[in-house]
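Structure record follows, encoded as structure tokens.
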Amino acid sequence: MTEPSAALRERIENTVRFLAVDAVERAGSGHPGAPMGLARPAFELWDQHLRFDPRDPAWPLRDRFVLSNGHASMLLYSLLHLFGYDLPLEEIARFRQLGSRTPGHPEHGHTAGVEVTTGPLGQGFAHGVGMAVAGRLARARFGSSGDGPGHHMVYGIVSDGDLMEGISAEAGSLAGHLGLGNLVYLYDDNRITIDGPTSMSFSEDVPRRFEAQRWHVQQVDGMDVLAIRRALEAARVDTERPSLIVTRTTIGYGSPHRAGTSKAHGEKLGAEEVRLTKQALGWPLEPELFVPDDVRAYFAKRREELAARRAEADARLERWRTAAPEQARAWDAARAQVLPDDLEARLAAGLEGKAEATRKHGAVAQGRLAEAAPWLVGGSADLAGSAAPALLKGRGDVGPAAGAGADPFAGSNLHFGIREHAMAAITNGIALDGTFRPYCGTFLIFSDYCRPSIRLAALMGLPSIFVFTHDSIFLGEDGPTHQPIEHLDALRAIPNVHVFRPADGVETALAWAWVARHRTGPAIFALSRQTLPALERRAGFEPADVARGAYALRDPGAATRVVLVATGSEVGLACDAAEKLHGEGFPARVVSMPCVELFLAQPPELRRRLFPDDGTPVVAVEAGRGESLRRFVGPRGLVYGIDRFGASAPLADLARFFGFTPDQLAARVVEHLRGLEGAEAGQGAA
Ligand SMILES: Cc1ncc(C[n+]2csc(CCOP(=O)(O)OP(=O)(O)O)c2C)c(N)n1
Ligand SMILES: [Mg+2]
């Protein structure tokens, strides 16, 4: 393979450095320091180790590269540009500008070659662990020979900030436990963060920390090409442990006044310092964003080689297809993730009329989905026993739980341990790989620990599935620390997320079916711990009603005096309250709304059918803040929610205390309706 002379290598590295420096200068903001310090190890990694095809950024067999310190985005953009990805110099010149393909932090799905959106420190580290898990799962299932899938590596660069973030401790622990030998991180050990030297706030022994987590740890000088190369080779040879290569670098390398200081981290150098830095590294002052001809020529040659290597890999993959036709079919099926047309019926079969907790209905539906979708994988943070989400029967465990002699990655059931932050990020990482459909779960209250990764899934448009149970105060005696209050609203507030809070078995199964077919963003289930009654549906009910987000369970038609809209466990309550309201002379329509987001996406006529704009009062009922339902209640309506923390008590006592009994709800609605009547009569008299 081609390799640059020492002099050419330096020119390439300086090209990377000054593309970053100049782009930041033009933008007036950005982070030049890390790209300057990392140019050498990053170029060595990309040039001599990483397997990729710039013409096909989605090539399934490519090695993955994770830039966890996303602020160093210009390092990645420079490499993508030079290696011939679809990122022309004009885009580098528009770094950080509206609509450019070079946003401040790398965004997956926005810029070709960006494997994962990074910026919130620690997330890239943990997402990369998920990619490595997916790689090992693929190898165990499909990669019967080295020619097949799952034999690629996941490389990454992580910074001081990444390692300070707690999520890297969780993810590092699990990566070591699982023995992810296909994971190699370079740690940008520059001993600088924004506020100054790491000595102010970070003095743990990083190598020993990672050794204790069962990683293979090496330490190199970031300017010693041969040492970096040998370390990367040794990291690959160790197939049983993830690798951390502690790479000593200098932030802002080459800048006479900024190198080695926190000032190099996140501001432009300024015209004078740019000049001095270019002089110090022997770089021409003009033009800006300069790529010398011999540098361009080198990358043109490398692109040819990469194309040839891709062709060889394709030929080997064909050999594998011939040698392992069943594996090949299964792999293709997993990548395509085609679902049966009758999935809705399959998942919902027999659940009509069955009173049960929706977490248990969810486990049934999930198990049925797994039969149709063998590529479904996932697990929980030590709560599988609570069906949050349940283990897939007969599918085997991932990791040591697979048992002696078994391939630890042949199973589908992941055991995340009590590591919710990393669990959510790893789930996203599996989704990013593109071979499996991942889910994970815990109690809804601990969705707070998953939230940063849920947000990233939404931003990236990843099909991660989050199954949260124990979805209200009605989990009971565990008390306010375990009782979600604001969580439904908080999750619904994230763009591109679908939150499902189904009310019974049919809704739960149909929600799972919708989620299974939806692949452009994350979905969340909020499922009950307690048993819920089976709903009685009107004759015209069809599965599409759930897919439209809301539908009427009871409807007095023109006689309707009030609309009760409820979700999950409060739908049954609303039905019972409606019964009482009827007796009081207030016929009520009851709307079940399993998914607010789906309903909001419906055309206005359809929305008006449930919530007429003729002033009919609407009461929204949810055992939580309920604020996200306020948009349906209008000025004459009422949100019947909870605006304080919960309490530790048996369910029935909580229901009475918080007013969630049919009598209390009906009484409040009557009071409200009479109040409206009184006020309006008063206005009429005035
Ligand atoms: C979760 C999170 N917290 C804070 C920040 C803001 N931030 C960006 S970079 C950085 C620290 C920089 O230190 P390091 O990671 O060592 O990067 P370097 O300065 O060496 O490039 C911080 C606090 C962030 N991006 N993510
Ligand atoms: Mg640093």
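Every read-out reported here was derived from the displayed coordinates using simple, explicitly stated rules and does not represent laboratory data. Just so you know, these numbers come straight off a predicted model, no measurement behind them. When we count neighbours, we look across all protein chains shown, and the Cβ atoms used for this are built from the backbone with ideal geometry, even at glycine.
Which FRET efficiency value, to the nearest 0.05, is calculated for Arg609 and Glu286 with the Förster distance at 56 angstrom and r the Cβ-Cβ distance? Calculated value: 0.25. Cross-link partners for Lys263 among the aspartates and glutamates, with Cα-Cα distance under 16 Å and sequence neighbours closer than 8 places in the same chain left out: Glu25, Asp160, Asp195, Glu272, Glu273. The fraction of all Cα pairs in region 570-641 landing in successive 5 Å bins from 0 to the largest distance is 3, 15, 24, 29, 19, 7, 1, given as whole percents. Rg and Dmax of region 501-544, based on Cα coordinates, read 11.9, 33 Å.
Each peptide in 620-630, 44-54, 597-607 was scored by the mean count of other Cβ atoms within 10 Å over its residues; highest first, the order is 620-630, 44-54, 597-607. What you get for region 323-402, charging only the Cβ of Lys and Arg (+1) and of Asp and Glu (-1), is a dipole of about 160 debye around the Cα centre. Peptides 539-546, 244-251, ordered by how many other C-beta atoms sit within 10 Å of their residues on average, highest first, read 244-251, 539-546. Between Glu204 and Asp382, the FRET efficiency estimated from the beta carbon spacing at R0 = 25 angstrom works out to 0.45. About its Cα centre, the dipole of the chain is roughly 620 debye, where the only charges are +1 on Lys and Arg Cβ and -1 on Asp and Glu Cβ.
Of interest is the spacing of the C-alpha centroids, which for region 260-299 and region 198-239 amounts to 28 Å. Rg/Rh, computed from the Cα trace of region 305-425 with Rh as the Kirkwood radius, has the value 1.08. One quarter of the surface of the convex hull around the alpha-carbon atoms of region 240-372 equals 18.0 nm², the direction-averaged projected area.
Ranked by the mean number of other Cβ atoms within 10 Å of their residues, highest first, the peptides 372-383, 435-446, 580-591 fall in the order 435-446, 372-383, 580-591. The Stokes-Einstein estimate for region 339-387, based on a Kirkwood radius over Cα pairs and taken at 20 °C with 1.002 mPa s viscosity, is a diffusion coefficient of 179 µm²/s.
Calculated on C-alpha atoms, the gyration radius of region 136-287 divided by its Kirkwood radius gives an Rg/Rh of 1.07. Translational diffusion coefficient of region 481-619 (Stokes-Einstein, Kirkwood radius from Cα pairs, 25 °C, 0.890 mPa s): 157 µm²/s. Only Cα pairs under 8 Å and 6+ residues apart enter the sum, and on that basis the relative contact order of region 491-614 stands at 31 percent. Taking amide H as placed 1.01 Å from N in the peptide plane, Ile524 has its amide H under 5 Å from the amide H of Phe466, His498, Val499, Phe500, each at least 5 places away in sequence or on another chain. Rg and Dmax over the alpha-carbon atoms of region 625-686 stand at 14.9, 49 Å.
Straight-line cross-link reach from Lys393 at under 19 Å between alpha-carbon atoms covers these lysines, not counting any fewer than eight positions away in the same chain: Lys360.
What percentages make up the Cα-Cα pair-distance distribution of the chain when the bins are 20 Å wide from 0? Pair shares across the bins are 18, 44, 28, 10, 1. Hydropathy at least -1.0 by Kyte-Doolittle, axial extent at least 30 angstrom from the Cα trace: which helices of the chain, defined as entire DSSP H runs, fit? Result, helices passing both filters: 6-27, 662-685. Can you list residues from other chains, or at least 5 along the same chain, whose modelled amide H is less than 5 Å from the amide H of Tyr551? Here the answer is Ser592, since their amide H atoms fall under 5 Å of that of Tyr551. Among the lysines, which have Cα under 21 Å from the Cα of Lys268 when same-chain residues fewer than 8 positions away are ignored? Leaving aside lysines fewer than 8 places away in the same chain, those within reach of Lys268 are Lys278.
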